[in-house]
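These notes concern the structure reproduced below.
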Amino acid sequence: MFTINLKNDTHFLCAAEDTILIGAQKENITIDYSCKTGRCQSCKAKVISGTSFANIDEIGLSEEEKSQGYILTCVRSPTSDLVLDIEDLSGYALEQVRTLPSKVDKITAISSDVIELQLRMPPNATFNYLSGQYVNIIKGDFKRSYSIANTSSAANLVFFIKNYKNGRFSNYIFNEAKINDLLRVEGPIGTFFYKKTNKKNIVFLATGTGIAPVKAILEQLDENNFDFLDKTIYLFFGGRNEEDLFWKPDFKNLKINFIAVLSRSNEHSTAEKGYVQDIVVSKKMDLSDTVIYACGSENMIKDSRELLVKNGLSEDAFYSDAFISS
Ligand code: FES
C-alpha cells in the first residue's frame with residue numbers, strides 16, 4: 001500500500017495493483033474523473049513528488065505535459081508514496097453509482113440529427129445526481145454514456161441524442177424506440193459539476209450535444225441565482241451551422257452573456273465566426289480570474305485547454321467532459 005497525498009490535507013492508501021482513481025474511490029475519496037480510459041484529461045494531476053506506473057498509454061496527455069510531471073490518475077498505479085496537486089471533492093455529496101430501470105417517456109426531434117429523449121424513473125425510486133453528471137443508458141447487452149441535460153429537481157431525465165451513422169444506440173433511438181420501452185440507467189457518473197470558486201468569471205464552452213451538461217449546470221445556477229450575483233457568467237455555444245445551435249438559454253433569474261459561435265461562415269447569421277476557444281480569447285476577459293467548464297469533442301477540449309492556459313487561465317481552473325467515441 002502507498003499513501004497518496006492530495007492538496008487539501010487529504011490522503012488515502014492505494015494498493016500497487018489499483019489505479020490511483022480506483023484507490024481513491026475504494027477509500028470514499030472523490031477526485032476528478034470522467035472517461036476512465038486515459039483520454040479525456042478530466043483526471044489529470046500534477047505530481048509534486050513520488051513515482052507511478054502507466055497501465056496503458058496516456059493518450060490524453062501531450063509529451064510536453066508528461067515531461068512537466070502530469071499524469072492521468074485513471075490509468076496510473078503508484079510505485080511509491082505520492083503527493084498530487086489535486087483536490088479531494090468528497091465535500092460535494094456525490095451519490096453512489098447504481099442501476100435502475102426506466103421507461104421511455106418522450107421522444108422529440110429538436111434538429112435534423114438530435115433527439116431529446118426523456119426517461120421516466122420508477123415512481124418509488126429517488127435518483128439524485130449533481131447537475132452536469134452523466135449516466136450509462138443500457139439497452140439489452142449494450143450501453144452508451146450520455147450527460148443528463150436537466151437538474152435533478154425535474155421528474156424525468158432528459159438527454160440529447162445525436163444521430164451517428166454507425167451508432168448502435170442512436171440508431172435505436174432514431175429508428176426503433178417507442179414510448180414505454182424499458183431501458184436501464186447506470187449512474188450518476190463523473191465529476192463535471194459546478195465547483196465553488198472565488199474567481200469572478202464563470203465561462204461555459206459547449207459544442208453540439210456537449211450543451212447537455214452545461215444546460216443542467218446553468219439550470220442549477222438559475223435555481224440558486226443569489227449565490228452568483230457577483231459573478232459574470234458566459235456561455236459560448238459552438239457548432240458548424242445554425243442547426244447545431246439547437247438550444248438557447250432563457251432563464252428567469254440568471255444573467256448570462258450568451259455567445260453563439262459558428263465554425264462555418266454564414267453571412268445570414270449573427271453568430272460569431274470561428275472556434276469557441278478563439279472567441280473566448282477575443283473577448284479579452286481576465287483569464288487569471290476565470291474558471292472554464294468545457295464539454296465537446298476531445299479536440300475542442302484539448303485545444304481550448306492549451307490556448308486558454310497559454311492566455312493566463314490557471315491549469316486547475318479548467319474542468320472538462322469530452323465526448324469519447326466508443
Ligand atoms: S483521462 Fe482519466 S478520466 Fe478521462
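Name the single residue, out of those in segment 8-20 being in a loop (DSSP other than H, G, I, E, B) and over 22 Å from the mean Cα position of the chain (by Cα), that is farthest from the ligand (Cβ to nearest atom).
Narrowing segment 8-20 to residues in a loop (DSSP other than H, G, I, E, B): 8-10, 15-19.
Now restrict to residues that are over 22 Å from the mean Cα position of the chain (by Cα): 8-10, 15-18.
Numbers: Asn8: 20, Asp9: 24, Thr10: 19, Ala15: 18, Ala16: 19, Glu17: 18, Asp18: 14 Å.
The extreme case among them is Asp9.
If you filter segment 65-84 down to residues that are under 24 Å from the mean Cα position of the chain (by Cα) and exposed (fewer than 15 other Cβ atoms within 10 Å of the Cβ), you find that the one that is nearest to the ligand (Cβ to nearest atom) is Lys66.
Report whether or not Lys178 is exposed (fewer than 12 other Cβ atoms within 10 Å of the Cβ), farther than 25 Å from Leu245 by Cα and not assigned by TED's automatic domain parsing to the domain that holds Ala294.
Details: exposed (fewer than 12 other Cβ atoms within 10 Å of the Cβ): yes; farther than 25 Å from Leu245 by Cα: yes; not assigned by TED's automatic domain parsing to the domain that holds Ala294: yes.
Against the criterion (exposed (fewer than 12 other Cβ atoms within 10 Å of the Cβ), farther than 25 Å from Leu245 by Cα and not assigned by TED's automatic domain parsing to the domain that holds Ala294), Lys178 qualifies.
Summed over segment 306-326, the residues that are at pLDDT 90 or above and either of a type in the set (Gly, Ala, Ser) or in contact with a Lys or Arg (Cβ under 9 Å, 6 or more places away or on another chain) (or both) give a count of 7. Among the residues of segment 171-217, which ones are without any contact (Cβ under 8 Å) to a residue 24 or more places away in the chain and either charged (D, E, K, R) or within 25 Å of Asp113 (Cα to Cα) (or both)? If the condition is that a residue be without any contact (Cβ under 8 Å) to a residue 24 or more places away in the chain and either charged (D, E, K, R) or within 25 Å of Asp113 (Cα to Cα) (or both), then Asn171, Asn175, Glu176, Lys196 are the ones that fit.
Please return the ranges of strands (runs of 3 or more DSSP E) entirely within segment 55-153 where 2 or more residues are among the polar types (S, T, N, Q). Lay out the reasoning, then the answer.
Values: elements: 70-72, 76-78, 82-84, 98-111, 114-120, 134-139, 142-147.
Of the strands (runs of 3 or more DSSP E) lying wholly inside segment 55-153, those with at least 2 residues that are among the polar types (S, T, N, Q) span 98-111, 142-147.
Here Thr207, Thr191, Thr197 are screened, and the one residue that is touching an Asp or Glu at 6+ places or on another chain (Cβ under 7 Å) and farther than 15 Å from Asn150 by Cβ is Thr191. Just one residue in the set Ile173, Ile161 is under 29 Å from Asp222 (Cβ atoms), outside any loop (DSSP other than H, G, I, E, B) and over 20 Å from the mean Cα position of the chain (by Cα); that residue is Ile173. In a helix (DSSP H, G or I), more than 13 Å from the ligand (Cβ to nearest atom) and in contact (Cβ under 8 Å) with a residue 12 or more places away in the chain: does that describe Gly23? Criteria met by Gly23. Being among the acidic types (Asp, Glu) and either within 16 Å of the ligand (Cβ to nearest atom) or under 27 Å from Leu84 (Cβ atoms) (or both): is that true of Asp286 here? Here the answer is no, as Asp286 does not meet what is asked. Each residue in segment 26-54 was checked for being within 13 Å of the ligand (Cβ to nearest atom), part of a strand (DSSP E or B) and either under 15 Å from the mean Cα position of the chain (by Cα) or aromatic (Phe, Trp, Tyr) (or both), and 1 of them qualify.
On the given criteria, is Gly132 free of Cβ contacts under 8 Å to residues at least 24 places away in the same chain and out of contact with any Gly (no Cβ under 7 Å at 6 or more places or on another chain)? So that I can check it myself, show each step before the final result.
Values: free of Cβ contacts under 8 Å to residues at least 24 places away in the same chain: no; out of contact with any Gly (no Cβ under 7 Å at 6 or more places or on another chain): yes.
No, not satisfied.
Quick one: which of Val203, Val214, Val185 is assigned to a strand (DSSP E or B) and farther than 18 Å from Glu95 by Cα? Talk me through it step by step, then tell me what you get.
Working: Val214 fails: assigned to a strand (DSSP E or B); Val185 fails: farther than 18 Å from Glu95 by Cα.
Only one candidate passes the filter, namely Val203.
The values are calculated or read from the model by the stated rules, or taken from the named source; none is laboratory data. Quick caveat, the model's predicted, so the values are computed rather than measured. Using ideal geometry, Cβ is built from the backbone for each residue, glycine included, and neighbour counts are taken over all protein chains shown.
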